[in-house]
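Reading through the structure tokens given below for one structure.
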Amino acid sequence: MGGFTVLQLLFYLSLLVFVIAMIMKALKISNMPLHLRWDLYPIPHEKGKAKYGGSYFEETDWWIKPKEISIANEIKEMGKEIIFVHSLMQNNRPLWVFSFPFHFGMYLLIGFVVMLALGAILEISGTTVSAASASGLVVIVHYLTVVLGIAGWILASFGALGLLLSRMFNGDLRKVSVRADYFNLVLLLAIFAIGLVSCFAFDTPNADLRGFVGSLISFEPAGVLPIATAIQLWLMAILLVYLPFTHMAHFLGKYFTYHKVRWEDAANLRGNKIEAAVKEGLDYQINWSASHIKSGGTWAEAATEESSKDE
Amino acid sequence: MSDDKTTIKHFCHKPGQLVTLDPAKFLPLPPPFDKPELEPKMKPLSDEGRKKYECDLDSIITVKFPRPETEEEKRELVEKFLSGLKKLFEKENNWTFLQPLFLTMEFCAKCQTCSDACPVYNESGKVDIYRPTYRSDILRRLYKTYVKKGGKFFAKISGDNIEATWTMVARLMELSYRCTICRRCAQTCPIGADNGLVTRELRKIFSQEMGINLDPLHKKGSVVQLAVGSSTGMNPAAYLDNIEFLEEEVEERTDMKFKWPMDKAGAEILLIHNAGEFLAWPENPEAFAIIFEAAGIDYTLSSELVGYDSVNYGVWYDDVQFAKVALKHAEAAKKLGVKKIVLAECGHAHKALTVIADRVLAGEYNIPRESSMTLLREIVMSGRLKLDASRNDDITTTMHDPCNMVRLMGIVQPQRDVLKAVSNNFREMTPHGVYNYCCGGGSGFAITQDANFPDWRQNVSGRAKMRQILNVFQDIIGPEHKKYVCAPCSNCKGALRDMFASYGLFEKCNVLYGGLVELVVNAMTEIDKPFIEWEWH
Ligand code: SF4
Ligand code: SF4
């Protein structure tokens with residue numbers, strides 16, 4: 001323990017905060033009561049109807065007919081959205097030009113980190129990761145690390161820079177932006193740009209990072225890092241702690257906005273889970289102050305109150 | 001107007017009128033309304049109105065809230081607002097929409113993609129306060145400053161802080177009535193955030209906590225409906241009289257003499273109309289009666305309190321009023337022992353009772369609900385009616401998609417199948433279906449006739465629809481061609497009626513609006529006289 005660097009300790013801590021904060025956020029949202037329906041069409045799992053935005057409400061006696069669901073179509077739409085940021089491509093092309101490389105670059109960087117971890121495990125077990133290795137698998141890990149790293153740093157830096165400049169110079173975006181919005185992008189751009197520059201400025205940029213990842217995995221003291229890499233890792237640690245508390249956690253939020261609101265079309269049928277949740281909601285205490293609301297009792301009581309004396 | 005005068009700081013602190021609308025900046029319309037002088041005028045608010053009511057947003061009035069006289073009054077109102085704000089984020093008080101609201105508050109990436117989709121913002125010439133995220137940004141800042149733990153400190157650091165002043169609250173109150181809740185913005189949001197929802201949640205703070213809402217929605221709307229039976233003020237006895245009158249009128253118009261089934265216990269279907277139809281467009285319920293009679297449908301109407309008026313205005317401003325009305329609808333159906341409720345041509349009633357109330361009605365109140373569009377398609381396709389589409393050949397038709405029924409429920413095709421079966425000259429607007437534009441009367445705007453608000457609706461919120469209508473008929477826009485905008489929704493028809501009248505669209509271009517069933521009956525061969533009375537509109 002004594003040999004751990006401050007950076008290492010900080011990284012453990014920030015990873016812990018990140019994971020716990022994200023789990024808590026996810027739990028907070030998913031534990032919220034079942035809300036009233038607020039569907040928005042098209043809903044892609046509506047088999048045969050999604051292409052024009054139709055729903056099962058287009059059928060007579062829809063509640064007794066089997067619901068025709070296309071999971072494949074829903075997955076296809078999700079894939080388009082996750083990989084290509086499709087809705088932005090359709091509706092806001094000037095921003096998508098930066099947002100797509102920004103997000104795609106980050107996906108590549110996640111792959112890069114996975115490769116670093118894989119390489120670190122190989123090295124811990126005594127195999128040196130290099131292009132000259134006799135093992136095909138090791139060579140693949142080496143080259144994938146190089147390619148994912150360079151492509152990821154380039155795309156993410158380009159995207160972050162573009163998004164930052166758009167926010168600064170596009171009047172519509174500037175007027176809705178606050179300090180935190182610029183800070184987020186500057187922080188990300190700094191991390192990506194250091195990664196990009198390191199690729200060309202240092203002899204063994206990936207080996208340095210792999211060494212650090214390896215030290216985290218093996219709980220061994222980390223070696224000495226180039227100053228730029230150390231700064232980059234410090235910034236990443238800050239990002240990990242900070243991100244769950246900002247709108248940047250929208251990768252989590254989007255699961256809920258799409259699957260629990262827009263596309264959530266499960267009907268309340270007698271005796272099903274939804275009916276039980278509805279009854280629970282109606283049992284909550286209501287405490288609004290307007291005179292037309294009977295406060296202090298349950299929602300069910302407020303909703304069935306005789307209304308002639310309402311103001 | 002320049003943007004720097006409408007920052008959030010200005011919104012919270014700058015005294016006087018924040019924005020002056022400039023009709024010259026509204027998006028131009030196609031011929032014959034391509035000259036601004038042909039458009040309806042925006043009347044300025046009277047000095048008296050300006051003095052009496054809070055109108056410092058854009059000098060348009062919907063809420064008609066009297067200006068508080070003392071600082072103490074203002075302080076109390078702000079405190080009440082903040083107490084409502086907190087309740088909006090409490091599980092018990094807002095279980096109904098807490099999750100979607102929280103998601104929108106937490107994850108909006110401020111990309112402004114939603115702005116391009118908003119008809120109000122774009123048609124107004126991009127008036128910044130009408131931008132979909134403008135009101136969301138205010139609510140988000142309020143949430144971050146006053147609701148979240150350590151809010152004041154963290155919001156200040158991030159730059160998301162806001163100061164709740166009466167100036168801000170009063171403007172926000174009006175601003176929550178400058179959005180039709182059409183949710184086009186939400187459709188394009190890559191994150192899935194929903195600025196339409198934010199509008200409704202803001203209205204809820206005002207209504208559920210402060211008792212501030214629009215008279216046509218609340219005092220003259222849901223309150224009257226719950227007490228008297230219908231938001232039109234028509235009690236059950238007057239309703240029954242009305243039905244008798246309509247039975248006679250059907251006989252006169254069609255030579256078909258039959259009783260409309262009323263309170264028939266054990267019928268398969270309870271059909272509920274928007275009661276506004278009986279007074280404003282009686283030909284619509286008449287056409288339903290004719291079709292159901294001719295097709296031998298086992299149905300009934302109800303004369304039970306609320307059971308004969310499908311409107312549920314709570315869907316636009318108040319969860320409790322919403323739940324009260326939905327339960328009354330279900331109660332009427334339960335009493336009659338019907339197998340299902342069918343909603344006639346009213347979009348918001350469709351969404352309210354079928355979709356949103358789905359999580360309010362439990363146990364024996366959970367009686368299946370379905371759209372008349374699907375039932376009509378079944379009737380028309382089954383061949384039970386003798387139809388000749390050529391009887392509508394002198395009319396070119398188009399379909400207006402009510403947001404509530406289409407984008408928010410996914411009922412897109414049935415009404416088109418019916419319309420195509422009875423009209424050989426049908427054409428689609430661009431865009432249509434789930435990507436349609438609102439009629440301009442959404443979220444209660446169609447029934448809000450106070451002060452200068454109708455001018456705003458005609459010129460701003462309805463403008464995109466007006467453009468679509470003019471464009472779809474542009475090659476036959478002259479008065480020599482009969483054109484029909486089929487709008488299977490009472491609320492949309494109300495908005496179109498007022499908009500057509502203010503532009504003189506019928507007189508200048510011979511464009512009529514109406515429901516779907518009227519066209520069906522017009523095509524029925526067993527009826528001699530044309531059912532649609534073109535000159536009477
Ligand atoms: S609501 Fe959605 S589209 Fe609009 S700014 Fe926020 S993230 Fe972008
Ligand atoms: S709901 Fe409709 S009117 Fe309201 S902000 Fe969104 S697009 Fe504009």
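The values are calculated or read from the model by the stated rules, or taken from the named source; none is laboratory data. Because the structure is a prediction, the values reported are computed rather than measured. Ideal geometry is used to build each Cβ from the backbone, glycine not excepted, and the neighbour counts take in all protein chains shown. Only protein heavy atoms, including side chains, enter the accessible area calculation; ligands, DNA and RNA are left aside. Shrake-Rupley method; radii C 1.70, N 1.55, O 1.52, S 1.80 Å.
Name the lysines eligible as straight-distance cross-link partners of B:K529: C-alpha to C-alpha under 30 Å, and not fewer than 8 places from it in the same chain. Here the lysines satisfying the reach criterion relative to B:K529 are B:K257, B:K259, B:K386, B:K420, B:K482, B:K483, B:K493, B:K508. Note on the range B:287-362: percent of Cα-Cα distances in each 10 Å bin, starting at 0 and stopping at the bin with the largest distance, equals 19, 51, 25, 5.
So if we plug the beta-carbon distance of A:R179 and B:E69 into 1/(1 + (r/R0)^6) with R0 = 51 Å, what FRET efficiency do we get, rounded to 0.05? Numbers along the way, then the final one.
Working: r = 38 Å, r/R0 = 0.75.
For A:R179 and B:E69, the calculated efficiency is 0.85.
Close amide H partners of B:Y513, meaning residues 5 or more places away or on another chain with modelled amide H under 5 Å apart, are B:V485. With θ taken as phi - 60° and the Karplus curve 6.51 cos²θ - 1.76 cosθ + 1.60 applied, the whole-hertz 3J(HN,Hα) list for the range A:246-251 is 10, 5, 5, 7, 5, 4 Hz, x standing for glycine and proline. Across the range A:276-289, rounded Karplus estimates of 3J(HN,Hα) from the backbone phi angles (6.51 cos²θ - 1.76 cosθ + 1.60, θ = phi - 60°) give 4, 5, 5, 4, 5, x, 5, 8, 5, 6, 10, 9, 6, 9 Hz, Gly and Pro being marked x. Given a 1.4 angstrom probe, I'd like the percentage of the accessible area of the range A:154-208 that is carbon and sulfur, rounded to a whole number. Here it works out to 70 percent.
Of the three principal axes defined by the Cα atoms of the range B:198-268, the extents in descending order read 52, 28, 24 Å. Projecting the alpha carbon convex hull of the range B:218-377 along each direction and taking the average yields 8.5 nm².
Between chains B and A, what is the buried accessible area in Å², counting both sides, with a 1.4 Å probe and ligands, DNA and RNA left out, to the nearest 100? Before the final figure, lay out each step's value.
Numbers: alone 20830 and 19030 Å², together 31930 Å².
In total, chains B and A hide about 7900 Å² from solvent.
Karplus-derived 3J(HN,Hα) values for the range B:442-456, using 6.51 cos²θ - 1.76 cosθ + 1.60 with θ = phi - 60°, are x, 6, x, 5, 4, 9, 9, 10, 6, 6, 9, 4, x, 4, 5 Hz; glycine and proline are entered as x.
The contact residues of the range B:384-411, meaning those that lose at least 10 Å² of 1.4 Å-probe accessible area when all protein chains sit together rather than their chain alone, are B:R407, B:L408, B:M409, B:G410, B:I411.
Using the heavy atoms of the protein chains and a 1.4 angstrom probe, tell me the accessible area per residue for the protein assembly as shown in square angstrom. Spell out each step's value before the answer.
Working: 31930 Å² over 848 residues.
About 38 Å² of surface per residue is accessible.
First compute the accessible area of the range B:279-330 with a 1.4 Å probe, then give the percent of it belonging to carbon and sulfur atoms. Ligands and nucleic acids excluded, carbon and sulfur give 49 percent. For chain A, the longest principal axis of the C-alpha atoms and the axis of helix A:205-218 are separated by about 70°.
From the helices alone, meaning DSSP H stretches of at least four residues, give me the mean residue ellipticity at 222 nm for chain A, per-run term -39500 (n - 2.57), in deg cm²/dmol to the nearest 500.
Working: 12 runs with 192 residues, N = 311.
The helix-only estimate for chain A comes to -20500 deg cm²/dmol at 222 nm.
Among the listed pairs A:K175/B:K14; B:K86/B:K328; A:K254/B:K14; B:K351/B:K465, give every one whose C-alpha distance is greater than 28 Å. Result: B:K86/B:K328; A:K254/B:K14 exceed 28 Å. In this label model, B:A24 and A:K76 are separated by 5.1 nm, measuring between points 7 Å along each Cα→Cβ vector.
Seen from every direction in turn and averaged, the convex hull around the alpha carbons of the protein assembly as shown projects onto 38.8 nm².
Projected over all directions and averaged, the alpha-carbon convex hull of chain B occupies 24.2 nm².
Counting only protein heavy atoms and a 1.4 Å probe, tell me what percentage of the range B:90-205's accessible area is made up of carbon and sulfur.
With neighbouring chains kept in place, the figure for the range B:90-205 is 55 percent.
Loop-only GluC sites (Glu not before Pro) in the range B:123-227, please: DSSP not H, G, I, E or B, and at most 16 other Cβ atoms within 10 Å. Those satisfying the criteria are B:E163. Axis of helix A:227-242 versus longest Cα principal axis of chain A: the two differ by about 10°, to the nearest ten degrees. At a threshold of 20 Å², the residues of the range B:354-368 that become less accessible to a 1.4 Å probe in the full protein assembly than in their chain on its own are B:T354, B:V355, B:I356, B:D358, B:R359, B:V360, B:A362, B:G363, B:N366, B:P368. The value obtained for the range A:106-195, namely the Cα convex hull volume divided by the number of residues, is 89 Å³ per residue. Label zone (B:D450, point 7 Å along Cα-to-C-beta; backbone nitrogen cut-off 15 Å) within the range B:308-331: B:317. Mind grabbing the base-10 log of I(q)/I(0) for the range B:382-522 at q = 0.09, 0.20 Å⁻¹? Debye formula, identical points on the C-alpha positions, no solvent, two decimal places. Relative scattering, expressed as log10 I(q)/I(0), comes to -0.26, -1.23.
Legend: residues in the range A:158-188 shielded by at least 40 square angstrom of accessible surface upon adding the remaining protein chains to the isolated chain (1.4 Å probe, heavy atoms) are A:K175, A:V176, A:V178, A:R179.
Give the whole-number value, in cubic angstrom per residue, of the convex hull volume spanned by the C-alpha atoms of the range B:179-309. Please list the in-between numbers first.
On the way: hull volume 21.0 nm³, N = 131.
Per-residue hull volume (Cα only) is 161 Å³.
Close amide H pairs (under 5 Å, H built 1.01 Å from N) link B:A275 with B:S310, B:V311, residues at least 5 positions away or on another chain.
What is the extension gain from A:Y12 to A:V114, computed as 0.36 nm multiplied by their sequence separation minus the C-alpha to C-alpha distance, in nm to one decimal? List each step's numbers first, then the result.
Values: separation 102, 0.36 × 102 = 36.72 nm, distance 1.69 nm.
Stretched out fully, the A:Y12 to A:V114 stretch lengthens by 35.0 nm.
For B:E370, the residues whose amide H sits under 5 Å from its own are B:I341, B:V342, B:L343, ignoring neighbours fewer than 5 places away on the same chain, with H placed 1.01 Å from N.
Provide the gained length on full extension for the span B:D393 to B:A227, in nm with one decimal, where the gain is 0.36 nm per separating residue minus the Cα-Cα distance. Don't skip to the answer; put the middle values down first.
Values: separation 166, 0.36 × 166 = 59.76 nm, distance 4.56 nm.
Taking 0.36 nm per residue and subtracting the Cα distance, the gain is 55.2 nm.
Size of the range A:6-262 from its Cα atoms: along the principal axes, largest to smallest, the extents are 70, 47, 33 Å. Rounded to the nearest 10 degrees, the inclination of helix B:372-382 to the longest alpha-carbon principal axis of chain B is 30 degrees.
Using a Gaussian network model on chain A with a 10 Å cutoff between Cα atoms, which of A:A276, A:A120, A:A26 fluctuates the most? It is A:A276.
Multiplying the sequence separation of B:S382 and B:K259 by 0.36 nm and subtracting their Cα-Cα distance, what value in nm do you get?
Values: separation 123, 0.36 × 123 = 44.28 nm, distance 2.40 nm.
Gain on stretching B:S382 to B:K259: 41.9 nm.
Beta-bridge orientation, the protein assembly as shown: approximately 15 percent antiparallel, per DSSP, counting only bridges with both partners inside.
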